[in-house]
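Below is one structure, written out as structure tokens; comments come after it.
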Amino acid sequence: MGHFEVVILGTGTAGQTAAHHLAGEGLNVAIVESSSTPGGTCALFGCQAKKWLYEVTETVARCNHLRGLGITAPPQVNWQEIIAAKNRFTSKVPENTVKSLAGSEITYFNAQGSLIDTNRVQVGADTIQADFIILATGATPRPLSLKGHEHICTSNDFLDFPQLPPRIAFIGGGFISFEFAHFAARLGSSKGQIHIILRSSNALRSFDSEMVDLLTIASEQEGIQIHTEAQVESVTQNKSGYRILLTSGESIEVDRVVHGAGRVANISQLNLANAGVEASPQGITVNSHMRSSVPNIYAIGDCVNSPQLARVADQEAHIAARNIIASREGSTKKSQMDYGSTPIVLFTYPQLAMVGKTEDQLKQEQTRYWKSYSSNLAWPTYRRIGMRNAAFKILVDNSGKFLGAHILSDNATGLINTIKQAMIDDISVSHLHECNILAPYPSRESDLIYMLAPLLDD
């Protein structure tokens, strides 16, 4: 089937970004996809798809909060219309993906790909020669070994429910469970009949524990029951739906059970050992250049041990592409991936966003820090929209440089992005405070000066 300078396995956002970058620099690139629907999880079942539900969720939540402040009746929600709108977008993704690749003269193979050795890739029944290989095969739902796991549907299934069930449970305490539970709470499930079940005492471990506690309170106020230290023993089907039996003896009756226990690297089919590529249960092992244990094989996106975020995957793709180009040209200059200023946002309502380190991490590292923190904000910004759970925490070092920031708000994305950029540009608290005095007022962004003020030098 020929020879290519670069062969990429996977057409998610990581694989596509790398392919277009390399093809734009004149390299001969092929991309291999085993699925009949190329385009990746983000566009088809993840960040893009879920936002069709989130936008309606946010509108409903805001209207509910404004009861007594001018809104006299809750909005009417049509679940089928939301899913139809989402499907109009996602149905075009595979075709548009293939067209985009062809437009950049990237050769596309729709077949299962795996490694034969360090320079050959098995594509279906054929073989491709490659100078460089990029593995970008994404992640897949974490296997659940509990009894009755066949009764548990995936988050993909949730996004295509013909109707939203009144009673629903999410197994796992991560992103999927919290986001989808908030969707269910605003889009039609019964208040008090929405469950998040997690084995540990701590949900959302990536986030600051104090901020998670505040989000938990906000979630429970919306009728979401969060069961901590709850081990699922079995899931059985009955005439009225499904029965979840916990090892404590407690049982929960619901109409649907959804897998929200996270995703693991999708690498079992790659035959990594054939090429000597090292991996762990967390994913393919790479260095800061996104290079695997084999010099000409790179790995990017959710199949490596890094934050499973679309923009992280894109940045990793650019880093890998730049380093392949440098190696091809004989340059010793290498680009490196830095995760220190990666923003993370949970699309609940209110949103929970963070960048940098948590307070718990700083304590464990015995790093000296200064903190500005407040919860249940009663600023006019939040009184006007009826939000009672807004909060923030900003952590800085003794020179006024940001160590971490954590926002619980209706516009946490915008606020955290401003602090992310300050971290990238090495801007101090005092400088950012001065810059934001001229922020449009009154707004969430102008509220930054109130958050930063306690950290200013007298």
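The values are calculated or read from the model by the stated rules, or taken from the named source; none is laboratory data. For clarity, every value in this text was computed on a predicted model and none was experimentally measured. A quick note on method: Cβ atoms are made from the backbone with ideal geometry, for glycine too, and the neighbour counts reach across all protein chains shown.
Which residue out of SER206, SER177, SER234 is part of a loop (DSSP other than H, G, I, E, B) and polar (S, T, N, Q)?
SER206
Can you confirm whether ILE197 is closer than 26 Å to GLN351 by Cβ, outside the structural domain of LYS363 (by TED's automatic domain parsing), β-branched (Val, Ile, Thr) and in contact with an Asp or Glu (Cβ under 7 Å, 6 or more places away or on another chain)?
no
Among the residues of the range 121-147, write down those that are in a strand (DSSP E or B), in contact with a strand residue (DSSP E or B) (Cβ under 7 Å, 6 or more places away or on another chain) and surrounded by fewer than 16 Cβ atoms within 10 Å (Cβ to Cβ).
Correct list: THR127, GLN129, LYS147.
Quick grid of which residues meet (1) surrounded by 19 or more Cβ atoms within 10 Å (Cβ to Cβ); (2) not small (Gly, Ala, Ser):
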residue	(1), (2)
VAL6	yes, yes
HIS21	yes, yes
GLN48	yes, yes
THR57	yes, yes
GLU81	no, yes
SER100	no, no
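Please enumerate the residues belonging to the range 154-164 that are surrounded by fewer than 21 Cβ atoms within 10 Å (Cβ to Cβ) and either in contact with a strand residue (DSSP E or B) (Cβ under 6 Å, 6 or more places away or on another chain) or part of a helix (DSSP H, G or I) (or both).
THR154, ASN156, ASP157
Would you be able to say whether some residue in the range 310-319 is touching a strand residue (DSSP E or B) at 6+ places or on another chain (Cβ under 8 Å) and either part of a loop (DSSP other than H, G, I, E, B) or among the hydroxyl-bearing types (Ser, Thr, Tyr) (or both)?
Scanning the range 310-319, I find no residue that is touching a strand residue (DSSP E or B) at 6+ places or on another chain (Cβ under 8 Å) and either part of a loop (DSSP other than H, G, I, E, B) or among the hydroxyl-bearing types (Ser, Thr, Tyr) (or both), so the answer is no.
Filter the range 1-24 for residues that are more than 23 Å from the chain's Cα centre (by Cα) and small (Gly, Ala, Ser); which is farthest from GLY301 (Cα to Cα)?
Filtering the range 1-24 for residues that are more than 23 Å from the chain's Cα centre (by Cα) and small (Gly, Ala, Ser), the one farthest from GLY301 (Cα to Cα) comes out as GLY2.
Among what's in the range 104-120 and is assigned to a strand (DSSP E or B) and not polar (S, T, N, Q), pick the residue that is nearest to SER36 (Cα to Cα).
PHE109
Which members of the range 436-458 meet the condition of being in contact with a strand residue (DSSP E or B) (Cβ under 6 Å, 6 or more places away or on another chain) and polar (S, T, N, Q)?
none
Considering every residue within the range 282-295, establish whether at least one is surrounded by fewer than 24 Cβ atoms within 10 Å (Cβ to Cβ) and at pLDDT below 95.
Checked against the condition, which is being surrounded by fewer than 24 Cβ atoms within 10 Å (Cβ to Cβ) and at pLDDT below 95, the range 282-295 yields at least one hit.
I'm trying to understand the selection: among the residues of the range 433-448, which are crowded, with 18+ Cβ neighbours inside 10 Å, under 29 Å from the mean Cα position of the chain (by Cα) and without any contact (Cβ under 8 Å) to a residue 60 or more places away in the chain?
Answer for the range 433-448, where residues must be crowded, with 18+ Cβ neighbours inside 10 Å, under 29 Å from the mean Cα position of the chain (by Cα) and without any contact (Cβ under 8 Å) to a residue 60 or more places away in the chain: ASN436, LEU448.
Would it be correct to say that THR37 is within 23 Å of the chain's Cα centre (by Cα), outside any helix (DSSP H, G or I) and assigned by TED's automatic domain parsing to the domain that holds ARG120?
In short, yes.
Write out, first by first residue and then by second, each pair whose Cβ atoms fall under 7 Å of each other, whose residues are 6+ apart or on separate chains, and whose first residue, in the range 323-342, is among the charged types (D, E, K, R) while the second is surrounded by 11 or more Cβ atoms within 10 Å (Cβ to Cβ).
Correct list of pairs: LYS333/ALA326; LYS334/HIS289; LYS334/ASN323; LYS334/ALA326.
Find all pairs meeting these conditions: Cβ atoms under 6 angstrom apart; at least six residues apart or on different chains; first residue within the range 349-376 and assigned by TED's automatic domain parsing to the domain that holds LEU408 and over 17 Å from ALA422 (Cα atoms); second residue in a strand (DSSP E or B) and of a type in the set (Lys, Arg).
TYR373/LYS393
Which residue pairs have Cβ atoms under 8 Å apart, sit 6 or more places apart or on different chains, and have a first residue in the range 51-76 that is assigned to a strand (DSSP E or B) and a second that is among the small types (Gly, Ala, Ser)?
From the range 51-76, the pairs are ARG67/GLY386.
Test SER430 against the criterion of being over 26 Å from the mean Cα position of the chain (by Cα), of a type in the set (S, T, N, Q), part of a loop (DSSP other than H, G, I, E, B) and surrounded by fewer than 16 Cβ atoms within 10 Å (Cβ to Cβ), and give yes or no.
For SER430, the condition - over 26 Å from the mean Cα position of the chain (by Cα), of a type in the set (S, T, N, Q), part of a loop (DSSP other than H, G, I, E, B) and surrounded by fewer than 16 Cβ atoms within 10 Å (Cβ to Cβ) - is not met.
Being touching a residue at least 40 places away in the same chain (Cβ under 8 Å), part of a strand (DSSP E or B) and not charged (D, E, K, R) is true for just one of LEU403, LEU415. Which residue is that?
LEU403
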